[in-house]
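The values are calculated or read from the model by the stated rules, or taken from the named source; none is laboratory data. These numbers come from a predicted model, not from an experiment. All Cβ positions, even for glycine, are placed from backbone atoms using ideal geometry, and neighbour counts span all protein chains on display. What goes into the accessible areas is simple: the full protein's heavy atoms, side chains included, and nothing from ligands, DNA or RNA. Shrake-Rupley method; radii C 1.70, N 1.55, O 1.52, S 1.80 Å.
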Amino acid sequence: MEKKKKLRVSVSLSIVFFMTVLAVCLGIIGYSTYYNQMIKEYRKYECSILNLAVSDFDWDSIEETVKKQVEDENFKKLRERLDYIKRNTQIAWLYMFEPLNANETDNQRYICTGNTPKEYEDYAARGEKPVWLGKMNGSETPSDVAQKYLDYYKNSKPGEFLYYPNKTEWGYIYTTAIVVRSSKGNPIGLMCVDIYMDEIEKLLRVFPIIVFGTSIILSAIFILILTLWLNHRVIRPLSKLKLSAEEFVKSSHGNSEPETLVFKTPEIHTGDEIEILSDSLVTMAGDLKSYMKNLMYETAEKERIGTELSVATNIQASMLPIIFPPFPERKEFDIFASMTPAKEVGGDFYDFFMVDERHLAIVVADVSGKGVPAALFMVIGKTLIKDHTLPGADLGEVFTTVNRMLCEANGAGLFITAFEGVLDLATGEFRYVNAGHESPYILHNGKFTEKKIPAAFILAGMEGMKYKSASITLEPGDKIFQYTDGVTEATNAELKLFGDERLDKSLNTLTDKDVKGVVIGVKADIDKFVDTAPQFDDITMLCLEFKERMTE
């Protein structure tokens, strides 16, 4: 059997997974939020510096200075302004240049830069001159960055800023630029301010680790508390339920005494759904014991009824003639019959017997209803008909008497449709009486034809009914096929009936068969038509062949 995971382990692993995912998500969200907010603040700061640098200044004179490449008083004022801003702000560089092209080198020409006193001292100590008007940038700016500046310089609108984070040989820098224009709107150069982003980058690298680590610590504390709570409020009560259920199941295996089964109450008092579940299981165990007790009783009762039905089936079968040929010494006729009940016992019956040495009687009948009541009524009807069919008796009088006696003892309201005929073996005269039953088929001159005869009222249906008999004459070789409505009303899965037309067709494909072959052949056609659909009615058939006349 597959090993099951413990609930405590599954819950703990689920919480660890959830808290880990939550910590990662919080780190990513915090990183993104912090980074975007810092960039937003730096942009605002750099924009304010650039606005301060370019506002209220004579840029027309600077435009002339750039063209002539000769410093004048206004240019010195510009340098002083940029130096002042550089001294009093926390920026890396403040400079102005003119974009020239996108070559790999000398793609920009400096106009002016801002420096602090310390930076001037450092330049002097190295014997260098601060960046001067007209100095080329050499290879400081890659060609792709130069192209970005050049496009912005040519296509930007007045007051529009350029933002550009980039990693350089001096570190991670965030640059903001604006186009400086003359009074006529002509671009003079780009004023740029750079701020180091290294500290922010370090913080951004540390921030997710701090968030993740804090989340893990808090998660561990939360998991510990939750595990203790789950163990007290969920795991232990469920474990008690599990043990009680296992003991109950174990004790029920092979136990034929439901009263000895005990479901140990787990004593759970959580005041929630688990306690309700515990109470429900206790109730269910009690109901299950009662159900098992009733089931055992009903099973025994069903077995008893099944045994009795089996006995009834055997008794019914023994009451019908089942040995064929029944009169092997008689050469004048041949006869075969079958009855297939819809239940264990049925209401249809057939019978045949010698009234005397010269006369053969046949009976085919159908009792309303199914099962044991119909079978009992069938026994009564069959016995009465046979007992009153005496030599020389009129069949109409026989049914009149039988009807009166059945009506006197018919408290269940059942009735019988019946057909009885008596064949004179010497003359071939076949006298018959029909009480609401199907008309027989007669085989004559190689063809089965339904003998349309009037049907009188059913037996046991109404007191005082009078029945009359009639007769036909059979020739040697003729056959009589009689049946119950279970034949024509056999139903397939599509709820279609076998019907008179199919019966007529089936019989006329069996004209060369003996009496047994006719009955078996019709039954085979019915089975083929019905297929797997259940049988709803008893199916009874009888076939009699008049083979030769009796000699004196």
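Rounded to the nearest 0.05, what FRET efficiency do Thr383 and Ala245 have when you use their Cβ-Cβ distance and R0 = 51 Å?
FRET efficiency, Thr383 to Ala245: 0.25.
Regarding the stretch 123-171, what are the three Cα extents along the principal axes, ordered largest first, in Å?
Ordered largest first, the stretch 123-171 gives principal extents of 41, 24, 18 Å.
What number in nm² do you get for the chain if you take the convex hull of its Cα atoms and divide its surface by four?
Average of the hull's projected areas for the chain equals 56.9 nm².
If I take R0 = 45 Å and measure r between the Cβ atoms of Thr270 and Cys25 in this structure, what FRET efficiency does the formula 1/(1 + (r/R0)^6) give, to the nearest 0.05?
Using R0 = 45 Å, I get an efficiency of 0.85.
Which helices of the chain meet both criteria: a Cα extent of 30 Å or more along the helical axis and a mean Kyte-Doolittle score no lower than -1.0, with helices taken as whole DSSP H segments?
Working: long enough: 7-54 (70 Å, 0.86); 198-230 (47 Å, 1.71); 273-319 (65 Å, -0.10).
Length and hydropathy pass: 7-54, 198-230, 273-319.
Regarding the stretch 337-444, what whole-number volume in Å³ per residue does the convex hull of its Cα atoms give?
Each residue corresponds to 104 Å³ of Cα convex hull volume.
Write down the accessible area per residue of the chain in Å², having rolled a 1.4 Å probe over the full set of protein chains.
55
Quantify how much of the Cα-Cα distance distribution of the stretch 1-150 extends past 17 Å, in percent.
Within the stretch 1-150, distances greater than 17 Å cover 75 percent of Cα pairs.
Could you give the spread of the C-alpha atoms of the stretch 323-368 along their three principal axes, from largest to smallest, in whole angstroms?
Computed over the Cα atoms, the extents are 36, 17, 11 Å.
Select from the stretch 461-538 those GluC sites (Glu not before Pro) which occupy a DSSP coil region and have at most 10 other Cβ atoms within 10 Å, ordered by residue number. The partial results should precede the final answer.
Numbers: sites: Glu463, Glu489, Glu494, Glu501; in loops: Glu463, Glu489, Glu494.
Those satisfying the criteria are Glu494.
Can you list residues from other chains, or at least 5 along the same chain, whose modelled amide H is less than 5 Å from the amide H of Ile539?
Thr340, Ala342
Hey, if you drop one equal point scatterer on each alpha-carbon of the stretch 388-450 and run the Debye formula without solvent, what base-10 log of I(q)/I(0) do you get at q = 0.23, 0.27 Å⁻¹?
-1.05, -1.22
Return the carbon/sulfur percentage of the accessible area of the chain, one whole number, probe 1.4 Å, all protein chains in place.
On the way: 17650 of 30600 Å².
Result for the chain: 58 percent of the exposed heavy-atom area is carbon or sulfur.
In the structure shown, do any of Lys77/Lys167; Lys451/Lys516; Lys68/Lys154; Lys331/Lys513 have a Cα-Cα gap over 28 Å, and if so which?
Lys77/Lys167
For Ile221 and Ser183 in one chain, what is 0.36 nm times their gap in residues minus the Cα-Cα distance, to one decimal in nm?
7.0 nm
Starting from the eigenvalues of the Cα gyration tensor, five times each then square-rooted, give me the equivalent ellipsoid semi-axes of the stretch 83-167, largest first, whole Å. Kindly include the intermediate steps, with their values, before the conclusion.
Working: eigenvalues 123, 57, 25 Å².
Largest first, the stretch 83-167 gives 25, 17, 11 Å.
What FRET efficiency do you get for Phe327 and Phe536 if R0 is 45 Å and r is their Cβ-Cβ distance, rounded to the nearest 0.05?
That gives a FRET efficiency of 0.85.
Can you sort Ser32, Ser139 by 1.4 Å-probe accessible area, starting with the largest? Kindly include the intermediate steps, with their values, before the conclusion.
Details: Ser32 55, Ser139 90 Å².
Descending accessible area places them as Ser139, Ser32.
Which net charge results for the neighbourhood of Asp106, defined as the other residues with beta-carbon distances under 11 angstrom from its beta-carbon, given Lys and Arg at +1 and Asp and Glu at -1?
In short, 0.
Quick one: how many Å² of Ile15 are accessible to a 1.4 Å probe, rounded to 10?
Ile15 exposes around 20 Å² with every protein chain in place.
For labels at Asp514 and Asp58 in the simple 7 Å Cα→Cβ model, what's the distance in nm?
Going from the Asp514 label point to the Asp58 one covers 14.4 nm.
Mind checking the log10 I(q)/I(0) for the stretch 460-505 at q = 0.16, 0.28 Å⁻¹? Debye, one equal scatterer per Cα, no solvent, two decimals.
Cα-only, vacuum Debye calculation for the stretch 460-505: -0.78, -1.01.
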